[in-house]
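Notes follow once the structure below has been shown.
We did not get these values from a lab; they are worked out from the coordinates using the rules stated. Here the structure is a predicted model, which means the values were calculated and not measured. All Cβ positions, even for glycine, are placed from backbone atoms using ideal geometry, and neighbour counts span all protein chains on display.
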Amino acid sequence: MGDDAVFRIAGLTKAFGPNAVLRGVALDLCAGEVTVLMGANGAGKSTLVKIMSGVHRADRGAMMLGDKPFSPASPAEAMRAGVVTVHQNINDGVVGALDVASNLVLDRLNGAGRGLFFNPRRVRREAREVADRMGLGIDLGAEVTNLPLADRQMVAIARAMAHEPQVMILDEPTSSLSSNEAERLFALIDRLRARGVAILYISHRMSDIRRLADRIVSLRDGAIAGKFEDKPLDYEGAVNAMLGQNLAQNLGRHSIDARDAAEPVFSASDIRIAPGARPLSLALGAGEVVAVTGLVGVGKTRLAETLFGIHRPVAGTMTLDGRSYAPRNAADAIGRGVFLVAKDRASTGIVPEFNIYENMSLPFLPRFSRLGVASRRVERQTARDQIGDLKIVCRSERDDLATLSGGNQQKVTVARWLTQPSRLLILDEPFQGVDIAARHDIAAKLREGAGGRATLLFLTELDEALETADRILVMSENTVVGEHRNADVDMDRLLADVAGRHHETARSV
Amino acid sequence: MDSRMAEKSSVEAPRPSPRLSAREVAIRYGFLTLLFGLIVFFSLATRGFTSPQAAVFILQSVSITGILALGVTATLVVGGFDLSIGSIATSSMMAAAYVMVVLEQNALVAVLVCLAIGALVGLINGLIICYMRVPDLLATLGMMFLLIGLQRIPTEGRSIATGMTMPDGSTAEGTFSPAFLALGRHRFDLVIDNLVPASVVVLIVLAIVIWFFLEYTRFGRMMYAVGSNERAAEFAGAPVRAYRIWAYVISGVFAAIGGILLAARLGRGDIASGNNLLLDAVAAALIGFAVLGAAKPNAFGTAIGALFVGVLLQGLTMMNVPYYTQDFVKGAVLVIALIFTFALLGRRAR
C-alpha cells in the first residue's frame, strides 16, 4: 500500500511538559477506506486527533495531504484544507438553538466575503443539497435541540461533509448512541466510504469495529503497536496490541495466589443493566477479589453504579447476604454495606473544598456524629489511621485535598470507604491517573483487607486485573461474556472475550 | 484529557510551607484588619463613634439585613442563590400587619403566620429549583416579583395601619400588640440601662445558631459538600435534593424573621419599605467570602460582612458624607471584596 494513501503521517512526536504523549507515530489513510484506530486510555489517541485537526501542533514529524505538506495552525485551516473532525461530544458539532438547515450551512455563514444579510431561502436550498447528497432524512426545519442524539450526530457529520473533505476523523461517534441509532450512522459512513473519503474511525466498541473496519491500527503508549489489514482482520491481535503486549512477561512477574471465595455474599441473577442489554448474572463471595474487565464503553461503570443503587436494573434481582437487595439510592446501598469507589474521582469522589479528614468521613458522617454534631476528634483519628495504613503522603489530616498529588488523592478516596467494614466493596477504575507505587499500595491494601467482604474491581487495563484479582470477568456490550480464574490464564481466550467473540467461544470455565 | 490526568498525577503538587507567606496572611487577615482600621479611623475622625450607644446603633442598623444575609448564606452554601429574600421579608411584614390590624389577632398568631409564610415560600422555591429544574436565580427572581405583587392584593396596594379604610369601606380597628412592638423597640439592660435592642439579640442568636449548624453539625457539612461537588455528595449517600430544599426553607424563614422585626420597628405595614433589603443582605453574604480567606459562603464571614457595611455607613454618616453616596460606597466595597476573594484565591473560586 502507501501509494494510494491520501493522508500520511510520519515520525510524529508530541510532548506536554515532561510527558511524551506521542513517540513517533506513522499512519497512512487511504481513500475509500475506514481505518480504525484503537488505543487504551492515555495511549495518545486524542492528542493525535487534535494534531490532525489543527488544535495542537506536533513537536516533530510530518503530515502530508495528497502530495502537499499539511500543518494546520487552526481547526478552521484544517477544515478548509479538507480534513474534518467530528468530535466525541456531539454538541460540539451542532448549534442547538438553530434549525437543521442553518446548522448544515453554518460554516458558509462565516468568513470573509460574506454579505451582512443571509437569504433564508438560499440557506434552505443549499441545506437541501447537502442533505440529499448525504441521504439525510431529517426535517430541515426542526430545531437541533429537539432531535435525538443520533440525528444530531448525523447533522454534525453532514455539516462536516459540506466541505467536501478528503479525510474525515470520527472520534468515538457511537459512544452515546443505541445500537439501532448506530446502524443508521454506519449506513452514512458506508456512503462516505463509497464517495472516496478516507475515514479515521476511533472507537472502543468491537461491534462497530467489526462492522466498519477495513484496517485496524493499534496505538499503545504513543506509538503504533500493530497494523492489521489482511482479511479477515485479526481482531484479537488488535486488542492484544492495544492492551496486552507485555502481558506475557507480566504474568510471571505479578502472578498472585488466586484464592477462592469462602462463603457467598452477593449474587445477581439475570439483571439487565440497560434497555436492550442481554441479562447478566454474577456471584461474589467473601475473601475473593474479582476484577471485571472489558473495553471502554461496554457497561462496566453502568454495572458498578447499578450495584450501588445509582441506577436501577431494567430487570432481574440481586441478593446480598441471603436477603433481597434492591437499593433505591446510594444511601440504601451504604446502609447495606455496599460501597463504591466511583470512577473519575474529580467529579464523583472528592469534595475539593474539604480537607482530608472531611473527605474521608463524608459518607459516614452520621456514624461520626452524636445528636447531629460531627465529632472531629473521631474523624481525625480515623483519618490518621488510614493515612498511616495507605502511606498517604501529606503533612496532616487537615491538609486541603488540592495540595495532594493525584495518587494521594486517589488513596484518600479509596481510604474513605475502608474506614468502615463493608460487605461488598466496588472500585471502578481505582488506578486511574495513579502512579505505579500508589497502585501497588492500594492493591496490597485491598487484597489484605479482603477477608470479610467481597471485593469487585472494574478495570480496563488487563495488566491491572491480572495483578490484583483472584477471578477475572470480561464484559462486552453490557453483559458478562467470560470468566477466568487468575491462575494459568489462557490469554488467547481472555483476549478473545475482550474482543467480543463470545458467540464463537466456549463459555465454560 | 487522559494525558492531562497522567501529567497531573506524575507531578507532585508543591507543598506549602508550614508558615504562612505574606500573601496568605494578607488573604486571611486583610479584611479583618481593614475593619479594625476603619473603626480606629472613625473613632479618631469623629466624636462619639466609640461609645457603647454608637456600637449598638450600628448593630441595630444592620440587624435586619444581617438576618437576611445569614439566611441567604445557607443557599449559597449549597451552591444556590435566593433573590426572593427581600420580598419574603416585606411580605412577612405586610402579613404581620394584616393579621394584627385587619384580622385583629395577637402577636403570637402574627409571628407564626409570618414564619409559616417564610417556610412555605422557601419550600416552593426549593421544589421549583430541584424538581422543575428552573435555575436558582430565575426561580427566586420570579418568586420575588410574585411576592411583591401578592403583598399588595389584600389591601389594594395600600399600607396597613390602624384606622385605615378597607377596600369594602369599613375601617380596620385592630392594633399592633405591645408584645409584638417590643420585638422591634424593647431594649435590654447590659451594664448600661436600655442598651441592647431586641433585634440585635435576635441577630446574634441567629448568627450563632446558623454558624454552629453550618460548621459543626453533619447537616451543615453535607450542605457544603452538596455545594462543592454535588455528584460526590450523591455518591456518598446524601439526599442532595432534600439538602437543597432545606437551604431555601432556612433562607425563607430567616427572611420572614427579618420581616417581623421590620414590622415591629415600623409599627405599620409600610408598602414602600424594605427596598434595599435584598441588595444589602446579598452584599453582606458575598463580602463574607473574603473574611479569613474562606473563599466560600460562611456564617461568620456574613456577620462580619454585615458589620463592615454598618460601620462604614455609620462612620461616613457621622463624618457628614451625604446619604445619597451610601449605595455607591456599599457597591464599591462589594466589588473590592469580590475581587479580593476571586482574584487572590482564584484556585477555589466556584
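For this structure, a couple of remarks:
- For segment A:5-245, the Kirkwood hydrodynamic radius from C-alpha pairs, put into Stokes-Einstein at 20 °C and a viscosity of 1.002 mPa s, yields a diffusion coefficient of 116 µm² per second.
- Antiparallel content of DSSP bridges confined to the protein assembly as shown, in %, to 5: 60 percent
- Within chain A, percent of DSSP bridges classed antiparallel, to nearest 5: 55 percent
- Per-pair calculated FRET efficiency, R0 = 45 Å: A:D332 and B:A26 via Cβ, rounded to 0.05: 0.40
- Computed Rg/Rh of segment B:50-344, alpha carbon atoms with Kirkwood Rh: 0.98
- Computed Kirkwood radius, in angstrom, where 1/r is averaged over Cα pairs of chain A: 25.0 Å
- For segment B:50-344, the relative contact order comes to 34 percent (Cα pairs under 8 Å, sequence separation of at least 6).
- Scattering curve values for segment A:386-509, log₁₀ I(q)/I(0), Debye with Cα scatterers, q = 0.10, 0.13, 0.22 Å⁻¹: -0.38, -0.60, -1.26
- Chain A - mean residue ellipticity at 222 nm from DSSP helices (-39,500 (n - 2.57) per run, n ≥ 4, rounded to 500): -9000 deg cm²/dmol
- Beta bridges per DSSP, both residues in segment A:5-245: antiparallel share near 55 percent.
- Here the label points at B:M318 and A:A194, each 7 Å from Cα along the C-beta direction, are separated by 8.8 nm in the simple model.
- Candidate lysines for bridging to A:K411, where Cα separation is under 16 Å - those fewer than 8 sequence places away on the same chain excluded: A:K343, A:K391, A:K445, B:K8
- Residue-span extension gain [A:E448 to A:E229] - 0.36 nm each, minus C-alpha spacing: 74.3 nm
- Computed from point charges on the beta carbon alone (+1 for Lys and Arg, -1 for Asp and Glu), the dipole magnitude for segment A:393-450 about its Cα centre is near 180 Debye.
- Working from Cα pairs under 8 Å separated by at least six residues, relative contact order for segment B:54-202 is 28 percent.
- Quotient of C-alpha Rg and 2.2 N^0.38 Å, computed over the protein assembly as shown: 1.14
- Pairs of lysines in segment A:5-245 whose Cα atoms sit within less than 20 Å of one another amount to 4, provided the residues are eight or more positions apart or on different chains.
- You can think of it this way: the chain between A:V55 and A:H163 has 37.0 nm of extra reach, that is 0.36 nm per residue less the Cα-Cα gap.
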